[in-house]
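Reading through the structure tokens given below for one structure.
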Amino acid sequence: MSFLKLPLPLASLFRRIRNLSSSTALTIRTNRTADKNQQTVEDLRLHMARIDHEIRDTQHNYIAAQAVSIRTQLSGPNGFWLNLQKRRHYSEAQGSAQWHWHHLQELIKIRIRLNQQIDRLTGQLWPKRIRFWFTLFSLLLFGLAGLGLLFLSLITAIYLIPVWLSMLLIYYILTKRANKLSQR
């Protein structure tokens, strides 16, 4: 096929057009994927907003159940019948509070998973993880430095006990002599 050789400027023009068309198709495909990811992120954010609302409601109900159990425990007069009612209401309030607590824990786990999915889709998962580990490492480092400083100050205080005792003994002796001299 050497007889169909195109002149160099035309061949380069056709190559550019071919590369442009493939990059355009790639761009269109990438934009479709980005639109799909954007729609998924928006759906996940809406779902997270619903979960947040449900978490707030569950927290409110949990606090109300705890308040009922506390009011039941601190209720007024005691009698046999009132004690039976108090125990019944207290156990029901505790059961309700326990159910709300477990439900709240499950909702928080779902929220964490949703947040991680959003972070994966937006590309923020690893920066957030690195930031978390760096913060944790810094807090541990400062905590250990504080404990080390506390330990060193304790060792220094123990080491200086003989010095302080000798200074107090010298002060006591000098004040005793000063008192004897002033009495003469």
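The values are calculated or read from the model by the stated rules, or taken from the named source; none is laboratory data. Only a predicted model underlies this, so the values are computations on that prediction, with no experimental measurement involved. Positions of Cβ are generated from backbone atoms using ideal geometry, with glycine treated the same way; all protein chains shown enter the neighbour counts.
Among (1) at pLDDT below 95; (2) outside the structural domain of T58 (by TED's automatic domain parsing), there is one condition L140 misses while meeting the rest; what is its number?
Every listed condition holds for L140 apart from (1).
Among the residues of the stretch 66-73, is there at least one that is among the aliphatic types (A, V, I, L, M) and at pLDDT below 65?
No, there is no match, as no residue in the stretch 66-73 is among the aliphatic types (A, V, I, L, M) and at pLDDT below 65.
So which of I170, I112 ends up being loosely packed, with under 12 Cβ neighbours inside 10 Å, without any contact (Cβ under 8 Å) to a residue 60 or more places away in the chain, aliphatic (A, V, I, L, M) and under 30 Å from Y62 (Cα atoms)?
I112
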